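Every number in this text was worked out from the coordinates using simple rules, so none of it is lab data. Everything numeric in this text was worked out from a predicted model, so none of it was measured. Every residue, glycine among them, receives a Cβ derived from its backbone with ideal geometry; neighbour counts consider all protein chains shown.
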Amino acid sequence: MVFSWFNTKKVDAWVDAEVADLIKRVPPGKLEGSGAGAKKAEEQLAKAHDQLLRRSQGFVQREKPNLYQKARIANRVKWALTEAKYPKRFVDELAYALASVVAAANSQREV
């Protein structure tokens, strides 16, 4: 049962699905440039950021991952988005916010 602490199959599957959804909705290539399309993509990215945080809170409340698994959520999202070539600033802000939301998801306080 100690080894189940390191089982991250559910977490990995959830993160992979969420990242794939984000890449599908707001491809990193749309963020390049400074035209109207790039501005619209940035707005979509901000909405996707908030939706991902809400869904991650729901996932943590539903699945009740342990500390290692919670850390893995933020880490996998960060590296998947970095590999997908999203802007470093966005990736770092999302990873930090995600780690905060995931850590506090089972507590009674709001983040």
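Structure notes:
- Counted without the sites themselves, the longest stretch of the chain free of GluC sites (Glu not before Pro) in a DSSP loop having at most 13 other beta carbon atoms within 10 Å is 33-109.
- Normalising the average separation of contacting C-alpha pairs (under 8 angstrom, six or more residues apart) by the number of residues puts the relative contact order of the chain at 33 percent.
- Nearby lysines by direct alpha-carbon distance to Lys40 (threshold 30 angstrom, same-chain neighbours under 8 apart not counted): Lys24, Lys30, Lys78, Lys85, Lys88
- The chain: angle of helix 36-63 to the longest principal axis, Cα-based, in degrees nearest 10: 10 degrees
- Cα-based convex hull, the stretch 19-111, per residue volume (Å³, whole number): 86 Å³
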